[in-house]
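What follows is calculated from the coordinates using simple rules that are stated; it is not laboratory data. Note that this is a predicted model, so its numbers are computed, not measured. Cβ sites come from the backbone with ideal geometry, for glycine too, and all protein chains shown count toward neighbours.
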Amino acid sequence: MLRIGLTGGIGAGKSTVSRTFAECGGVIVDGDVIAREVVEPGTEGLAALVDEFGHEILLPDGALNRPALAAKAFVDEQQRTRLNAIVHPLVARRRAEIVAAVAEDQVIVEDIPLLVESGMAPLFPLVAVVHADADVRLDRLLHRRGMTEADARARIAAQATDDQRRAVADVWLDNSGTEGDLVERARELWFQRILPFAHNLAAGTPTPDPDSLVPADPEWAGQAARIAARLRTTCGHRALRVDHIGSTAVPGLDARDIIDMQVTVASVDVADELAGDLRRAGYPNVAHITADPAHGGSESLHPKRFHASADPGRPTHIHIRPAGTAPQQFALLFVDWLTSNPGLRPDYLAAKRSGPQSAARWLGEAYPRARSWAESTGWSPVN
């Protein structure tokens, strides 16, 4: 089962994308609908709101007076925090109940207005953010929803910033054009990325790796940060550390467009325990890779586990290695060594362009040089 997180600022057009995904076959779990459901008359949610904000937030029939609640809850950060502390746990519990009832072969789209604010982004294998500039959103709220300007501005200001949303967005859907343009982009995303992702995940099949080198991409660091957050959430305390490794972790170095990540664990047994959780996070196990080759003068293989992304839009390798092994240490050292010694990069790049065997030979020769640098500089992995 593939779960997609969908979010966007108020008035950005998230509902249009949600509706389009539903027409394409997605199962929509709507955070707005659930948020209304958990504070209906007779619920523990409404009772808690009354206890916190007073009976003034009720209509004569006992239902929630939403404008009255907004007037109290959106005046400052402290009041919003009090509101969220009541509503968010109830919404999360109800969402989990709905998801548990969905068939395994379906794609779940969780439409969550405050996905960023609630810190939920790492829970999803893919996060799509619908964006429109603040002035466009303000105009929509005034003319389509009939809000006052003060209320609309307060709602926008209370939500995450564009930078905060970009930091969690695997997909950025721009809605500065027409609704038809947005629908077309959403359908393209569904059929070219989300549906293949779901099929790969169901089959336990990673997406194919790109073969060619590409120019260094400044977006790699941000993409790796999102993957690292996802891996930390998925692995929890079993991950001793999570690091961006390999060529894409070296600023300015051309590489294949594959993000390599290393999850350090206490043992291979722990790595095996992670297999199911990592698959649900979008990273099926590649069963035939169970060890690193002999490394650093050692003649023995080094056990590891290897997972790769099922997402065709972001090829990713996950190397799970026990702490303290030569490959685990060298993966960390290699990035710092090349980053600190830019003069070495042209030779490494030339070796990679010559083919896998040439690159492997260069890496083998690089190991003692990197170790010598580490000893001379007092290098140790940064936590």
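Relative contact order, whole percent, for segment 2-203 stands at 37, derived from Cα pairs under 8 Å and 6 or more residues apart. At an R0 of 30 angstrom, the distance between the Cβ atoms of ALA225 and VAL33 translates into a FRET efficiency of 0.45.
When only alpha carbons of segment 205-251 are considered, Rg and Dmax amount to 12.7, 36 Å. Loop-located chymotrypsin sites (Phe, Trp or Tyr not before Pro) in segment 325-383 (DSSP state not H, G, I, E or B) with no more than 10 neighbouring Cβ atoms inside 10 Å do not occur.
If you take the C-alpha gyration tensor of the chain, multiply each eigenvalue by 5 and take the square root, what semi-axes do you get, largest first, in whole Å?
Semi-axis lengths for the chain are 45, 22, 21 Å.
Please report the spacing between the Cα centers of segment 61-112 and segment 15-60 in Å, no decimals. About 6 Å separates the Cα centre of segment 61-112 from the one of segment 15-60. Annotation note: trypsin sites (Lys or Arg not before Pro) in segment 117-209 located in DSSP loop regions with a Cβ neighbour count of at most 16 within 10 Å are ARG144, ARG145. With contacts taken as Cα pairs under 8 Å and at least 6 residues apart, segment 51-165 reaches a relative contact order of 21 percent.
Sum -39500 (n - 2.57) across every DSSP H segment of at least 4 residues in the chain, then divide by the residue count to get the 222 nm mean residue ellipticity, nearest 500. Calculated at 222 nm, the ellipticity per residue is -14500 deg cm²/dmol. Rounded to 0.05, the FRET efficiency of the ASP211 and ASP139 pair, given R0 = 51 Å and the Cβ-Cβ distance, is 0.65. Remark: relative contact order (the chain) = 16 percent; criterion is Cα-Cα distance under 8 angstrom and separation of 6 or more residues.
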